[in-house]
Amino acid sequence: MSFDVVIRSVRLAPTGDAAAQLVDVAVTGPTIAAIRPAGTLDSAGAVELPGDGRLCSIPFVDPHVHLDAVLTVGEPHHNESGTLIEGIQTWAERKQTLTHEDVKRRALEAILWEVAQGTGLIRSHVDVCDPSLVALRALLELRQEVADLVELRLIAFPQDGILSFPDGEALMREAMRLGCDLIGGIPHYEWTREDGIAEVQFLFDLARETGAGIDLHCDETDDEQSRFLEHVAARTMRDGMQGRVVAGHTTAMGSYNDAYSFKLLQILRRAGVTIVANPLDNIVLQGRFDSYPKRRGMTRVKELDRLGINVVCGHDSIMDPWYPLGRGSMLDALSMLVHVAQMTGRSELFSAFAMITGNAARASGTATELREGGPADLVVLDCEDEAEAIRLRPPCRWVLRQGRLVAETPSGASVVHRGDGRTVPVTFTKPRGGPTG
């Protein structure tokens, strides 16, 4: 059998250990044609990529980002308070100057950053609190133009609320008619608790009308009385939408008392709701009204994961009014998550890696592992296993989409020049061998 590409000697994620078996991966067209023990595949006529023991994984998934707002930091001014509210207010000003080309240019740049760092699927919220829907129309057009690089799914996101914004319901329906993939929401931002509950009901009614799934912002606040997630979970079960509902942020869960959290976690598990943690944003946006002790601003990632609730990790912002930093790296976001969630146990690191790969793919209905006959969408990382990937945040040596090489980063090495003229390579990995006295 002839192949188009053969990747030699890689470890397939999930590995569980750096000692995992080395394999060769062969690609024909858009499909993985064969996975065999290293050195056993004939690569004659194929492009051969030397894996050299590197980690090979399905592409990263960014399940939560705002491509309409990326790269607008400082426009029209910086968020000096660092609060969520000032970020929303600043975006409301910047939104007035959006143009079709402005949105496409910035979003494309951020997409290129993400693709180069291994992301193969992006779910982007798009602000539809705009009678002209400028950003949405631009991103719908861009979705087709970048299909050769990444799968882009768009979420109709009512940044200023649905009941609290003029014609909010009509704008949501129009966004779905134009081609949004998913229904977004923000019930905790409505003017009253009753309005927030009414918004949740509207979202599920719209899901019934359109057949689309739901991916909403929910309880992104430090207010322990913000409890819309229970309504989301209950309606999910009543409508039979298990596995088709995603709730982002849910940071109020970090302020709930343990008795209520215990109840909520059981409901979430039964409902099959996926939870998206966004550590880069929430570790800086939340807790701004605290003195000390200061809350972490994160949902209960570890507890959710231990119960088998599907937890995923999003990037959320890339240099915008809410978060002035970021480079579109899902490994950066995941590194922040394992620190803030205190998931640094050996097995926890491997579980966390799934939050940007298998767990996130499951929430999107795409392939959760590399297998023969599956799509030839994969990344090869300059590291040996998932724990090392989180620690080093290494470059993606190669990124393939539908069997085509779409990004690569040449291997580089740091060296230290000693006083005696020796040049010593630095690999940032532990020396081989056992303990020394």
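The values are calculated or read from the model by the stated rules, or taken from the named source; none is laboratory data. Since the model is a prediction, treat every value here as computed from it, not as a measurement. Every residue, glycine among them, receives a Cβ derived from its backbone with ideal geometry; neighbour counts consider all protein chains shown.
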Check your understanding: If you go through the range 378-392 one residue at a time, do you hit one that is within 23 Å of residue 249 (Cα to Cα) and either touching a residue at least 12 places away in the same chain (Cβ under 8 Å) or not polar (S, T, N, Q) (or both)?
Key -> yes
Every listed condition ((1) part of a strand (DSSP E or B); (2) closer than 22 Å to residue 298 by Cβ; (3) of a type outside the set (Phe, Trp, Tyr)) holds for residue 221 save (1)
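State which residue is nearest to residue 48 (Cα to Cα) when the search covers only the range 368-398 and only residues that are touching a helix residue (DSSP H, G or I) at 6+ places or on another chain (Cβ under 6 Å) and of a type outside the set (Lys, Arg).
Looking at residues that are touching a helix residue (DSSP H, G or I) at 6+ places or on another chain (Cβ under 6 Å) and of a type outside the set (Lys, Arg), I get 381.
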In the range 250-302, anything in a helix (DSSP H, G or I) and under 19 Å from the mean Cα position of the chain (by Cα) is listed as 251, 279, 280, 281, 282, 283, 284, 285, 301, 302
Selection from the range 129-151 of residues more than 17 Å from residue 407 (Cα to Cα) and within 21 Å of the chain's Cα centre (by Cα) yields 135, 136, 139, 140, 142, 143, 144
For the range 77-127, the count of residues that are in a loop (DSSP other than H, G, I, E, B) and under 26 Å from residue 297 (Cα atoms) equals 7
The condition of being assigned to a loop (DSSP other than H, G, I, E, B) and modelled with pLDDT of 95 or more holds, among 185, 196, only for 185
Across (1) outside any strand (DSSP E or B); (2) free of Cβ contacts under 8 Å to residues at least 40 places away in the same chain, residue 416 clears everything bar (1)
Touching a helix residue (DSSP H, G or I) at 6+ places or on another chain (Cβ under 6 Å) and small (Gly, Ala, Ser), is that true of residue 116?
no
Taking the range 332-381 and keeping residues in contact with a Cys (Cβ under 8 Å, 6 or more places away or on another chain) and in a loop (DSSP other than H, G, I, E, B) leaves 370
Result of the Cβ filter at 7 Å on the range 64-92, keeping first residues that are assigned by TED's automatic domain parsing to the domain that holds residue 153 and surrounded by 14 or more Cβ atoms within 10 Å (Cβ to Cβ) and partners that are of a type in the set (Asp, Glu) and in a helix (DSSP H, G or I), at least 6 apart or interchain, is 71/109; 79/86
Open item on the list: I'd like to check something: does the range 234-246 contain any residue that is closer than 21 Å to residue 283 by Cα and either at pLDDT below 95 or in the same structural domain as residue 299 (by TED's automatic domain parsing) (or both)?
Closed with: yes
Here the residues within the range 41-60 that are aliphatic (A, V, I, L, M) and either surrounded by fewer than 16 Cβ atoms within 10 Å (Cβ to Cβ) or within 26 Å of residue 313 (Cα to Cα) (or both) are 44, 47, 55, 58
Looking across the range 341-373 at residues that are among the β-branched types (Val, Ile, Thr) and either closer than 19 Å to residue 274 by Cβ or assigned by TED's automatic domain parsing to the domain that holds residue 389 (or both), the single one that is surrounded by the most Cβ atoms within 10 Å (Cβ to Cβ) is 356
When every residue in the range 131-183 that is among the β-branched types (Val, Ile, Thr) and in contact (Cβ under 8 Å) with a residue 40 or more places away in the chain is compared, the one surrounded by the fewest Cβ atoms within 10 Å (Cβ to Cβ) is 150
ask   = Does at least one position in the range 18-26 carry a residue that is modelled with pLDDT of 95 or more and either under 30 Å from residue 297 (Cβ atoms) or part of a loop (DSSP other than H, G, I, E, B) (or both)?
value = yes
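Determine if the range 420-432 includes at least one residue that is among the polar types (S, T, N, Q) and either in the same structural domain as residue 182 (by TED's automatic domain parsing) or assigned to a helix (DSSP H, G or I) (or both). It would help to see each step written out before you state the result.
So in the range 420-432, the residues among the polar types (S, T, N, Q) come out as 423, 427, 429.
Now narrow it down to the ones that are either in the same structural domain as residue 182 (by TED's automatic domain parsing) or assigned to a helix (DSSP H, G or I) (or both): none.
No, there is no match, as no residue in the range 420-432 is among the polar types (S, T, N, Q) and either in the same structural domain as residue 182 (by TED's automatic domain parsing) or assigned to a helix (DSSP H, G or I) (or both).
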